[in-house]
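First up is the structure itself, then whatever we jot down about it.
The values are calculated or read from the model by the stated rules, or taken from the named source; none is laboratory data. Note that this is a predicted model, so its numbers are computed, not measured. Every residue, glycine among them, receives a Cβ derived from its backbone with ideal geometry; neighbour counts consider all protein chains shown.
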Amino acid sequence: MPSHAALLYSSKSLSRTLLLSVLVAGLAACSGDNNQKAGEGSGRQPAPEVIVETAETTDVTVRQDYAGRARGAREVEVRARIQGILEERLYREGQIVSEGDSLFHIDPKPSEAALQGAKAQRQVAEADLRQAEREWNRISSLYERNAVSERDRDSARSALELAQANLAVAEAGVTVAELNLGYTDVRAPVNGVTSLEDLPEGSLIDQGTLLTTIVQQNPVHVRFALPENDAAIQRAAREAMTDSASAKDIDATLIMTNGKAYDRTGKVDFTASTLDPRTGTVSARAVFPNPDNQIIPGQFVRVRVQLRSLEGVVTVPEKAVTEGADGAQVFVVDGDSIARARPVSLGPVVDGRQVILDGLKADEAFITSGLVNLRDGAEVNVRDESEEAE
């Protein structure tokens, strides 16, 4: 019969064995869970989702807007051409006048008196000429009969020539007097809008005194500046200046201050031959018809100019273009849903789309969304644009 001590030792040994079995089972379970998680973590990650668009060729017109200021085609200073008293202003300041309209009256009395004096001088010269002709006829007849000397004949001829010259001077004096009398009626030299008068009625004015200024508003000129690299428009505008028969017109559209386009097309007719070193730009001018005076000289506007036309080019959204190691690039998707980085040559941006000059062909699928962290050769999950909208 076992002793009490032996029984106690056997019980402790059994307890130890059971505890070890439980620990081993727990460790095995933990190890199984870890192996399962490790197996799940080592699986391949899903392909990123991208949105693609099919490339298409189209014709685009490249336009550019330039800030400018409108000016009258001509700003003419109306000045007095004779001295006198300014008697009357015949227009309302700021009024639109036509060429030939009377603007001012200068006191005509001194000019009328001067014309009368010039006519009287002409009558005297005419009388002297008739007397010299009679004398010449008499002397020349006597000379033929050897009744007078050659000296007398020459004196008579000189008197006749002098009388003819005096009559010519008198005729010129009458012409000048008539012109001065006409200058007392100051007329508008061009069509346009009058400014404020510079001197009131009753003022004594001298020859050359500024009376008012007329701004011709039809047509209207818009001055603007072209960047140095816009060489095509500069060249065409110079051709328009030098040879209107063979020059290619450059159409221009005027964008008013309210953002709306002016309903009449203008022409770029001038570019400066030198570059402004301070701004790096070239001065240019566009001419617009303005029969209704909608364009006011002095206002700021924008000139939209067609720079060039591109035929059969591919355009993509600006967000589809990324920067790669070799410069600008787009990602195209091949038939195996693999993204390939494609270097491209960029043109201008037209209506929010980037023109691709080279590197992307029609019917190729390129990625427009999902480009973040996208690598060349990565597999992608392609979605169309309609799914993205949903």
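Report whether or not A362 is out of contact with any helix residue (DSSP H, G or I) (no Cβ under 9 Å at 6 or more places or on another chain), part of a strand (DSSP E or B) and over 30 Å from A252 (Cα atoms). It is false that A362 is out of contact with any helix residue (DSSP H, G or I) (no Cβ under 9 Å at 6 or more places or on another chain), part of a strand (DSSP E or B) and over 30 Å from A252 (Cα atoms). Taking region 190-200 as the search range and keeping residues that are part of a loop (DSSP other than H, G, I, E, B) and touching a Lys or Arg at 6+ places or on another chain (Cβ under 9 Å), which one is surrounded by the fewest Cβ atoms within 10 Å (Cβ to Cβ)? Across region 190-200, the extreme among qualifying residues is P200. Looking across region 79-101, the residues that are more than 26 Å from A286 (Cα to Cα) and either hydroxyl-bearing (S, T, Y) or not in a loop (DSSP other than H, G, I, E, B) (or both) come down to R79, G84, I85, L86, E87, E88, R89, Y91. Among the residues of region 341-362, just one is surrounded by fewer than 16 Cβ atoms within 10 Å (Cβ to Cβ) and either of a type in the set (V, I, T) or over 29 Å from Q64 (Cα atoms) (or both), namely V349. Kindly list, by first and then second residue, each pair from a residue in region 340-367 that is farther than 22 Å from P48 by Cβ and without any contact (Cβ under 8 Å) to a residue 60 or more places away in the chain to a residue that is in a loop (DSSP other than H, G, I, E, B) and of a type in the set (S, T, N, Q), limited to pairs with Cβ atoms under 9 Å and residues at least 6 apart or on different chains. Listed by first residue and then by second, the contacts come to nothing, as the list is empty. Among all positions in region 314-322, there is no residue which is under 27 Å from G377 (Cβ atoms), of a type in the set (A, V, I, L, M) and touching a helix residue (DSSP H, G or I) at 6+ places or on another chain (Cβ under 7 Å).
Yes or no, residue by residue, for (1) modelled with pLDDT of 95 or more; (2) surrounded by fewer than 20 Cβ atoms within 10 Å (Cβ to Cβ); (3) over 14 Å from I106 (Cα atoms):
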{"site": "T175", "(1), (2), (3)": "yes, yes, yes"}
{"site": "G202", "(1), (2), (3)": "no, yes, no"}
{"site": "Q207", "(1), (2), (3)": "no, yes, no"}
{"site": "N218", "(1), (2), (3)": "no, yes, yes"}
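The single condition among (1) surrounded by fewer than 16 Cβ atoms within 10 Å (Cβ to Cβ); (2) aliphatic (A, V, I, L, M); (3) in contact with a strand residue (DSSP E or B) (Cβ under 7 Å, 6 or more places away or on another chain) that V169 does not satisfy is (3). Note on region 92-133: residues that are surrounded by 13 or more Cβ atoms within 10 Å (Cβ to Cβ), farther than 13 Å from V174 by Cα and of a type in the set (A, V, I, L, M) total 6. Restricting attention to region 322-352, the residues that are in a loop (DSSP other than H, G, I, E, B) and out of contact with any Gly (no Cβ under 6 Å at 6 or more places or on another chain) total 8. Picking from residues in region 266-291 that are outside any strand (DSSP E or B) and modelled with pLDDT of 85 or more, the one that is surrounded by the most Cβ atoms within 10 Å (Cβ to Cβ) is N290.
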